[in-house]
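> The following block contains the structure, expressed as structure tokens.
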Protein chains: 2
Amino acid sequence: MRQIGSAEILQMEQRFRTTFINSISGFKSLQMVGTINSKGNTNLALFSSIFHVGANPPYLGMVVRPDGNEHETIQNIMFNNAYTLNNVISNKYKEAHQTSARYLAGESEFAACGFTEEYVDGFAAPFVKESKIKIGLEFKEYLPFLLNKTKIVIGEIKHILIDDNIIGEDGFVDLNQSNTVTSAGLDAYYTTNLLARLSYAKPGKQVEELNVNKKEH
Amino acid sequence: MRQIGSAEILQMEQRFRTTFINSISGFKSLQMVGTINSKGNTNLALFSSIFHVGANPPYLGMVVRPDGNEHETIQNIMFNNAYTLNNVISNKYKEAHQTSARYLAGESEFAACGFTEEYVDGFAAPFVKESKIKIGLEFKEYLPFLLNKTKIVIGEIKHILIDDNIIGEDGFVDLNQSNTVTSAGLDAYYTTNLLARLSYAKPGKQVEELNVNKKEH
């Protein structure tokens, strides 16, 4: 096993380092973020750092970099206080990747990349019709880092569009059954295989594989 | 497709809602965090919200909840300014899940769960010998949310322990080849299958599958 220190990391060729550092931290929480601007133009962009902040009230966070390609998404979120997260499914992952191209202002990634807008009454952000798990959020908090230009957007979940049959008896949503894709680095996409769900861990007790039934319909 | 609104979410039975909201946001960035306290006792804990903050300098963030089980990890990070991230591999995922049990203060999850401590000279946090990708971080920033008690810890990467043969020619680390596991919800673990790495997206251009060779050794 090789040991790589600070000095070696800082001396790496820039693109090599970007790819290396982006891929070592683990698989990512991938979502397409749907927004709409003041002129009514829609935007769809890929974000890969979505995280759980709380269940009651239900909050989700996402890491954003306002100085680059993500500027339009952030501006739209601030304007409407609304945005959507839409899961990337395995038969649309190339189209999802294509949303990261730098389209001209006013050209919607929905039409350009082959996704269909879908709306919920009274909610000012477009969902992705082709996605299987869709979350509508109301903007709540914008947190800057001191270290660099990265910021965090926190939203409260207001709407969820989901197939009822992927919600288990205990509330667990089977991402694998809905063909949700995960990503690594800047450009790698993966499907998944469930190893198991495990019982609540207690000291001195062997963890067991859970077998929670799907709801009957 | 079913539409679930705010009112229905807030009325869900508490455990159902926790499981539901924790699992809808996508696959998670799973890491075991290794620390050591002022008495020299080691701690190993599972965190599932690790995110990329920057490549130069190399920063990683992680979401923490200081009022619960994670209090010891955070205290240790603050005391030593040092912590490690260690990937969860598929033949050790049950042992990794077991580290989330509430062990007594002073009882190390390393020994209790079957992991081996490994050290790098001059760095005050234990790595996990059994992991394949290990990252040593220096604590940099602690960011509180206004909305709830969740906080964010940011660190700078100081050491990386990794098998040279999983680093590609362009710096890409193949998490799948190192048997890295991802998670969903509070208790589900998954292996992955690479769909493809995709070329840099440009408007009007079809994305292509990348074929970057592994380094020759």
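The values are calculated or read from the model by the stated rules, or taken from the named source; none is laboratory data. These numbers were taken from a predicted model, which means no experiment stands behind them. Please note: Cβ atoms are built from the backbone with ideal geometry, for glycine as well, and neighbour counts cover all protein chains shown.
> Count, please, the residues in the stretch A:129-165 that happen to be at pLDDT 95 or above and touching an Asp or Glu at 6+ places or on another chain (Cβ under 7 Å).
Summing the residues that are at pLDDT 95 or above and touching an Asp or Glu at 6+ places or on another chain (Cβ under 7 Å) in the stretch A:129-165 gives 9.
> Among the residues of the stretch A:74-99, how many are surrounded by fewer than 23 Cβ atoms within 10 Å (Cβ to Cβ), closer than 22 Å to B:Leu198 by Cβ and among the polar types (S, T, N, Q)?
Total meeting the criteria: 2.
> Please list, ordered by residue number, the strands (runs of 3 or more DSSP E) wholly in the stretch B:127-217 having 1 or more residues that are over 15 Å from the mean Cα position of the chain (by Cα) and facing chain A (nearest Cβ under 8 Å).
Once the strands (runs of 3 or more DSSP E) in the stretch B:127-217 are filtered for at least 1 residues that are over 15 Å from the mean Cα position of the chain (by Cα) and facing chain A (nearest Cβ under 8 Å), what remains is B:133-144, B:151-162, B:188-197.
> In the stretch A:131-151, how many residues are more than 17 Å from A:Leu60 (Cα to Cα), of a type in the set (D, E, K, R) and surrounded by fewer than 19 Cβ atoms within 10 Å (Cβ to Cβ)?
Looking only at that region, the number is 1.
> Going by the conditions given, is B:Gln3 modelled with pLDDT of 95 or more and surrounded by fewer than 24 Cβ atoms within 10 Å (Cβ to Cβ)?
Numbers: modelled with pLDDT of 95 or more: yes; surrounded by fewer than 24 Cβ atoms within 10 Å (Cβ to Cβ): yes.
Here the answer is yes, as B:Gln3 does meet what is asked.
> So is B:Thr191 buried (at least 23 other Cβ atoms within 10 Å of the Cβ) and either in contact (Cβ under 8 Å) with a residue 60 or more places away in the chain or not aromatic (Phe, Trp, Tyr) (or both) or not?
The answer is no for B:Thr191.
> For the stretch A:107-122, name all the residues that are more than 10 Å from chain B (Cβ to nearest Cβ), of a type in the set (A, V, I, L, M, F, W, C) and either in contact (Cβ under 8 Å) with a residue 40 or more places away in the chain or closer than 17 Å to A:Ser38 by Cα (or both).
A:Phe110, A:Phe115
> Continuing with this model, one more query. Tell me yes or no: at least one residue of the stretch A:161-172 is out of contact with any strand residue (DSSP E or B) (no Cβ under 9 Å at 6 or more places or on another chain) and under 23 Å from B:Tyr190 (Cβ atoms).
Yes, the conditions are met somewhere in the stretch A:161-172.
> Does at least one position in the stretch A:23-45 carry a residue that is surrounded by fewer than 24 Cβ atoms within 10 Å (Cβ to Cβ), under 16 Å from the mean Cα position of the chain (by Cα) and facing another protein chain (nearest Cβ under 10 Å)?
No, that holds for no residue.
> Output yes when any residue across the stretch A:54-68 is over 15 Å from A:Ile154 (Cβ atoms), in contact (Cβ under 8 Å) with a residue 24 or more places away in the chain and over 17 Å from the mean Cα position of the chain (by Cα), and no when none is.
Yes: the stretch A:54-68 contains one or more residues that are over 15 Å from A:Ile154 (Cβ atoms), in contact (Cβ under 8 Å) with a residue 24 or more places away in the chain and over 17 Å from the mean Cα position of the chain (by Cα).
> So which residues in the stretch B:92-116 are in contact with a strand residue (DSSP E or B) (Cβ under 6 Å, 6 or more places away or on another chain) and either part of a strand (DSSP E or B) or β-branched (Val, Ile, Thr) (or both)?
Residue satisfying the conditions is B:Thr99 alone.
> Could you please find all residues in the stretch B:152-188 being in contact (Cβ under 8 Å) with a residue 12 or more places away in the chain and either of a type in the set (S, T, N, Q) or surrounded by fewer than 17 Cβ atoms within 10 Å (Cβ to Cβ) (or both)?
Within the stretch B:152-188, B:Asp163, B:Asp164, B:Asn165, B:Glu169, B:Asn176, B:Ser178, B:Asn179, B:Thr180, B:Thr182, B:Ser183 meet the criteria.
> Only one of (1) touching a Cys at 6+ places or on another chain (Cβ under 9 Å); (2) closer than 30 Å to A:Val33 by Cα fails for B:Ser25. Which number is that?
Unmet condition: (1).
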